[in-house]
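All remarks here apply to the structure that follows.
The values are calculated or read from the model by the stated rules, or taken from the named source; none is laboratory data. Computed from a prediction, not measured in an experiment: that's the story for all the values here. Glycine gets a Cβ as well: all are built from the backbone with ideal geometry, and neighbour counts include every protein chain shown.
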């Protein structure tokens, strides 16, 4: 969701929501989910704001992916404004980071959205998980990723055209550098070898390549032309390809089809080799751990009831990856306004967080074929973001 378009359950530091103790650092797979209770839309698609104070960050045990269980909730602010990847889990499952992108404040009698600047550090080894620290990042921290080594994170600061570099040593997380960018960055992701990162420059319709040497991150001025409004980016496990979600509507649906741009990372320099047509308004994006299937979450105007292109539910576009050829194979209807999409670490299940219907669609993956189980996992609010353990 774009800030330009979009322009109670828990008390205390953390509450365990089930009777049995769960040490998440040892319980895999699990996912982290941001619940945003500050933003909905009227029939015209205009934002309807609520005061802060009811957001949550959930930790969900997926030992049985067809029957997820919420094991903890932390009362931490988060936002649907931005791509649904404003949080991540480190490779060991010990620490999670959550970006607090946007706050809602009172101005006179009205509420308005303003950029925030906080990164929450969650100790997942604690039982129950708890907030360990709060770090000040740049303005409107959004799409973020933790490195394959777990020692670094990169955070896209949409509000001040920069990327924060964070060092991670257990729950000791510090901002060590800030990389200036020419314009607003929505999301940044590492390559599997940890030697490069890719940043999607939302208003510039580009992907920029960052070089990483030790603790130093450098923007090397290699820029690739994506489709319109790139919002989200993922890299295949073998590091050979990257895919973008080209939102097309500046963070919203607009009635026209959009694209996934395919980037050849083995080429020197990397280059765009294809664009695959998907549905209207892709945001969430994920690649299977097996590297043969990707999925884009498609908004389909599901938060804009009076629009000519309104559909009650969003969908998932399934993409088959064969070498460097990416092909659309399926469209699967899910719930209202799907945001986060995630594969389980074994690649056998896919979960899609439906913001408006306050649930997750649970789908089964068999090779390149994806099937909706018909089961929904209800959550206590609107799931704005989500990430899976490794």
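Consider residue 198 carefully, then state whether it is farther than 18 Å from residue 165 by Cα and modelled with pLDDT of 95 or more. So residue 198 does not fit the description; no.
Take the conditions surrounded by fewer than 16 Cβ atoms within 10 Å (Cβ to Cβ) and either modelled with pLDDT under 90 or over 18 Å from the mean Cα position of the chain (by Cα) (or both) and apply them to residue 44. Does it pass? Here the answer is yes, as residue 44 does meet what is asked.
Each row is one residue, and each column tells you yes or no for (1) within 22 Å of residue 67 (Cβ to Cβ); (2) at pLDDT below 95; (3) in a loop (DSSP other than H, G, I, E, B).
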{"site": "308", "(1), (2), (3)": "no, no, yes"}
{"site": "321", "(1), (2), (3)": "no, no, no"}
{"site": "332", "(1), (2), (3)": "yes, no, no"}
{"site": "341", "(1), (2), (3)": "yes, no, no"}
{"site": "365", "(1), (2), (3)": "yes, no, no"}
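Determine whether segment 160-170 contains at least one residue that is in contact with a strand residue (DSSP E or B) (Cβ under 6 Å, 6 or more places away or on another chain), under 24 Å from residue 79 (Cβ atoms), assigned to a loop (DSSP other than H, G, I, E, B) and at pLDDT 95 or above. Taking every residue of segment 160-170 in turn, none turns out to be in contact with a strand residue (DSSP E or B) (Cβ under 6 Å, 6 or more places away or on another chain), under 24 Å from residue 79 (Cβ atoms), assigned to a loop (DSSP other than H, G, I, E, B) and at pLDDT 95 or above. Only one entry of 340, 286, 307, 294 meets the criterion of being closer than 18 Å to residue 255 by Cα and either more than 15 Å from the chain's Cα centre (by Cα) or buried (at least 17 other Cβ atoms within 10 Å of the Cβ) (or both), and that entry is 307. Which residue is nearest to the chain's Cα centre (by Cα), if the candidates are limited to segment 185-196 and must be buried (at least 21 other Cβ atoms within 10 Å of the Cβ) and more than 12 Å from residue 210 (Cα to Cα)? Filtering first and then ranking leaves 187.
The set of residues in segment 124-149 being assigned to a loop (DSSP other than H, G, I, E, B), over 17 Å from the mean Cα position of the chain (by Cα) and crowded, with 19+ Cβ neighbours inside 10 Å consists of 124, 128, 129, 137, 138.
Condition check for residue 238 on (1) outside any loop (DSSP other than H, G, I, E, B); (2) under 12 Å from residue 287 (Cβ atoms): one failure, at (1). Put simply, of 60, 105, 121, 98 the only residue that is within 24 Å of residue 375 (Cβ to Cβ), part of a strand (DSSP E or B) and touching a strand residue (DSSP E or B) at 6+ places or on another chain (Cβ under 8 Å) is 60. In segment 367-385, how many residues are surrounded by 15 or more Cβ atoms within 10 Å (Cβ to Cβ), modelled with pLDDT of 95 or more and on the phi < 0 side of the Ramachandran plot? So the count comes out to 11.
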